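Derivation of every value follows stated rules applied to the coordinates shown; laboratory data play no part. What you are looking at is a predicted structure, and each value in this text was computed from that prediction instead of being measured.
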Amino acid sequence: MRDEPRSDAAAAIKQLAAIGLGATMLTGDNPRTAAAIAKGLGLDFRASMMPEDKLTAIRAMNREGRVMMIGDGINDAPALKEAHVGIAMGSGTDVALETADGAILRDRVTDAPALIRLSRATMGNIRQNVTLALGLKVVFLVTTVFGITGLWIAILADTGATVLVTLNALRLLAFDPTRES
């Protein structure tokens, strides 16, 4: 008898690889069981880990780059807190859910890469909006200072920039984070 990975775990690992991210399984299982599960999923693993071992591993990974930890148990709670982003599975323990930064409520591991895709799209949208708003402000500041446009046109342009930024942000409503790109 052994724990089995979630049914969508292999798909989630493939999606993470497709967006340029790696995955490592930190588990309290024995090395033989962990190796069998990790081999089937195509990921690295560290086995026989106690909660403090997971915490130490996450701290080490944090020094190498940004780390997202996904967990569902009491044993995962300290590591969830230590990771840059801690995500608890919705079926997890209350301690994991309260410690994590966020939760995957539908209990599908493929929601993790979807969250990352949505976050990246949101950050791209924010960059576009800031560039658009500041660009219009600079253009109309310069043209108003040199007398090319009047103050009222600059005020209307500022209002127009707000509308454009809002419309651009609304595009995210049509974004499908489950669609692999």
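Details
- Taken one residue at a time, the phi angles of region 6-15 give Karplus couplings (6.51, -1.76, 1.60, θ = phi - 60°) of 4, 4, 9, 4, 4, 5, 5, 5, 5, 5 Hz. Gly and Pro are set to x.
- For region 68-81, 3J(HN,Hα) computed residue by residue from phi via the Karplus equation (6.51, -1.76, 1.60; θ = phi - 60°) reads 10, 10, 10, x, 9, x, 4, 5, 8, 3, x, 5, 4, 5 Hz, glycine and proline entered as x.
- Each Cα pair under 8 Å and six or more residues apart adds its separation to the average, and for region 76-181 the resulting relative contact order is 22 percent.
- Tilt relative to the chain, helix 111-145 - C-alpha long axis, 0 to 90 degrees, to 10: 20
- For the chain, the share of alpha carbon pairs falling in successive 10 Å distance bins from zero is 9, 27, 27, 14, 11, 8, 3, 1 percent.
- Cross-link partners of Lys137 among lysines (Cα-Cα below 22 Å; sequence separation of 8 or more within a chain): none
- Amide H contacts of Phe45 (H built 1.01 Å from N, under 5 Å, at least 5 apart or other chain): Met25
- Long-range amide H partners of Ala103 with built H, under 5 Å: Ala88
- Cross-link reach is defined here as a Cα-Cα straight distance under 23 Å, omitting same-chain residues fewer than 8 places apart; for Lys81 the lysines meeting it are Lys54.
- Applying D = kT/(6 pi eta Rh) to region 9-113, where Rh is the Kirkwood radius over alpha-carbon pairs, T corresponds to 37 °C and eta to 0.692 mPa s, the Stokes-Einstein value obtained is 239 µm²/s.
- A simple rule links phi to the HN-Hα coupling: the Karplus curve 6.51 cos²θ - 1.76 cosθ + 1.60 with θ = phi - 60°, which for region 92-108 gives x, 6, 4, 4, 5, 5, 7, 7, 6, 6, x, 9, 9, 7, 7, 6, 10 Hz, with x for Gly and Pro.
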